[in-house]
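**Q** Please read through the structure below; I'll follow up with questions.
The values are calculated or read from the model by the stated rules, or taken from the named source; none is laboratory data. Just so we're clear, the structure is a prediction, and the values are computed from it rather than from any experiment. Virtual Cβ from ideal backbone geometry, glycine too; neighbours counted across all protein chains shown.
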């Protein structure tokens, strides 16, 4: 059965989700979470896209990004390949790191945008990791609260 075609966003905004294979905790340390951020920064040097929101959990990652459709595929391929190579080297393993291809939802209106933003930033609270969204160090929720970004989010 062929897989379903990705829905193109008329706004260029997508809610991206990637999960570890078998729900494994592939982002289970601060070092690995920081590596994801480092990879995203390096990809931004080659491909133009805006990061609106992100949250890195132990077994999955959420991104809310604005990118042209052709660039979306390229940036996610680079992110997945670079991270998988790093993870496999560190863990002395080989093979797939991510479950299936990345999932993306087209964000077509302000209501969905705000809902996705809230969902992404509330992930650590819902998972019981922290009580306050601004306390999770691998999310840009604090950038919205402080109105200042030092990591990767664009205003």
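**Q** For region 28-56, name all the residues that are closer than 22 Å to residue 105 by Cα and touching a strand residue (DSSP E or B) at 6+ places or on another chain (Cβ under 9 Å).
**A** Those that are closer than 22 Å to residue 105 by Cα and touching a strand residue (DSSP E or B) at 6+ places or on another chain (Cβ under 9 Å): 36, 37, 40, 44, 49, 50, 51, 52, 53, 54, 55, 56.
**Q** Report, by residue number, each residue of region 100-149 that is farther than 21 Å from residue 59 by Cα, loosely packed, with under 15 Cβ neighbours inside 10 Å, within 17 Å of the chain's Cα centre (by Cα) and at pLDDT below 90.
**A** Selection gives 149 alone.
**Q** Out of region 57-87, which residues are touching a residue at least 60 places away in the same chain (Cβ under 8 Å), in contact with a strand residue (DSSP E or B) (Cβ under 7 Å, 6 or more places away or on another chain) and outside any helix (DSSP H, G or I)?
**A** 62
**Q** For residue 7, state whether it is in a loop (DSSP other than H, G, I, E, B) and touching a strand residue (DSSP E or B) at 6+ places or on another chain (Cβ under 8 Å).
**A** Considered against the rule, which asks whether it is in a loop (DSSP other than H, G, I, E, B) and touching a strand residue (DSSP E or B) at 6+ places or on another chain (Cβ under 8 Å), residue 7 comes out as yes.
**Q** Here's another thing I want to ask about it. When only residues in region 88-99 that are part of a loop (DSSP other than H, G, I, E, B) and within 16 Å of the chain's Cα centre (by Cα) count, which is nearest to residue 42 (Cα to Cα)?
**A** Narrowing region 88-99 to residues part of a loop (DSSP other than H, G, I, E, B): 92-97, 99.
Narrowing the set further to residues that are within 16 Å of the chain's Cα centre (by Cα) leaves 97, 99.
Details: 97: 20, 99: 23 Å.
Only one residue tops the list, namely 97.
**Q** Sort out which residues of region 131-147 are within 16 Å of residue 34 (Cα to Cα) and assigned to a loop (DSSP other than H, G, I, E, B), and write them in order of number.
**A** The answer is 136, 137, 138, 140.
**Q** Please go through region 36-45 and give me each residue that is in contact (Cβ under 8 Å) with a residue 12 or more places away in the chain and either over 15 Å from residue 18 (Cα atoms) or more than 14 Å from the chain's Cα centre (by Cα) (or both), ordered by number.
**A** 41, 42, 43, 44
**Q** Further, regarding this structure: Suppose we keep only residues that are over 15 Å from the mean Cα position of the chain (by Cα) and outside any loop (DSSP other than H, G, I, E, B) within region 10-29. Which one would you say is surrounded by the most Cβ atoms within 10 Å (Cβ to Cβ)?
**A** 21
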